[in-house]
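Coordinate-derived values only; no laboratory data. Please read these numbers as outputs of a predicted model, since none were measured by experiment. Quick reminder, even Gly has a Cβ in these numbers, built from the backbone with ideal geometry, and neighbours come from all protein chains shown.
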Ligand SMILES: Cc1cc2nc3c(=O)[nH]c(=O)nc-3n(C[C@H](O)[C@H](O)[C@H](O)COP(=O)(O)O)c2cc1C
């Protein structure tokens, strides 16, 4: 979904699932570990958008979907959102990619998140000032956003924009994600967001559609 430093506006009816399938190969390898480890973390309720979320005036909004995805789940939700809301897409890519070794990434992520480390990104988003609404997607890492997403939120200007957080997870729901987005982007209007089960993203299209229609962002 990446194209140099450009944002891509996907054509309707075309999706970029090849990339997602490649990334899901990593996801499948780690699925057993994920379900065992993070199922225990399900004490935190799965995140649901508030029914009181404000309705947006779709006619006048320009939408960007920005996301980071380690193993393809968040990318899939980003694809659905972009296709249904006719949004542009920006993939957040760390300059130094995370290793394929799941255990190594879990421990690296704990370390980075604990220190508030913000890794450098491969490219910055261009022309963000053009967008009124930015959907920001992350996998749940240690109950918050993955570090590349915190770099993205810290380095871009969101003043006056609406941010719609979304997350994929295996038990923690949104965790601290939305609070952390609000902390990093105090001048933006940050909606309550939505969490999706990583293992079920393949069947989440309807859920995404009804969420976008609650928000009035469905094309
Ligand atoms: C480093 C790391 C930390 C994770 N921490 C959590 C967590 O705290 N809670 C949770 O529910 N899932 C956790 N997971 C599982 C991922 O959030 C979940 O598999 C997600 O759907 C992956 O999205 P992606 O395929 O876009 O990377 C973690 C996964 C990784 C790799």
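Evaluate E = 1/(1 + (r/R0)^6) for residue 103 and residue 155, where r is the Cβ-Cβ distance and R0 equals 35 Å; express this FRET efficiency to the nearest 0.05. Walk me through the intermediate numbers first.
Values: r = 29 Å, r/R0 = 0.84.
Between residue 103 and residue 155 the formula returns 0.75.
If you average 1/r over every pair of different alpha-carbon atoms in region 131-211 and take one over that average, what Kirkwood value in Å do you get?
Details: mean 1/r = 0.0779 Å⁻¹.
With all distinct Cα pairs of region 131-211 included, I get 12.8 Å.
I want to check the label-to-label distance for residue 205 and residue 95. Put each point 7 Å from Cα in the C-beta direction and report it in nm to one decimal.
My value for the distance between the label points is 3.9 nm.
Restricting to region 64-193, what percent of DSSP beta bridges are antiparallel, rounded to 5? Intermediate results must be reported in sequence, preceding the final value.
Details: 3 of 20 bridges.
Within region 64-193, antiparallel bridges account for around 15 percent of the total.
Would you kindly state how much longer the chain becomes between residue 216 and residue 61 on full extension, computed as 0.36 nm times their sequence separation minus their alpha carbon distance, in nm to one decimal?
Values: separation 155, 0.36 × 155 = 55.80 nm, distance 1.05 nm.
That pair, residue 216 and residue 61, stretches by 54.8 nm at full extension.
Would you order 113, 63 from fewest to most other beta-carbon atoms within 10 Å of each residue's own beta-carbon? If you can, show how the numbers build up before the last one.
Values: 113 19, 63 23.
Going from least to most buried by this count: 113, 63.
Can you sort 98, 117 from fewest to most other Cβ atoms within 10 Å of each residue's own Cβ? Write out the running numbers ahead of the final one.
Details: 98 21, 117 13.
In increasing order of surrounding Cβ atoms, one gets 117, 98.
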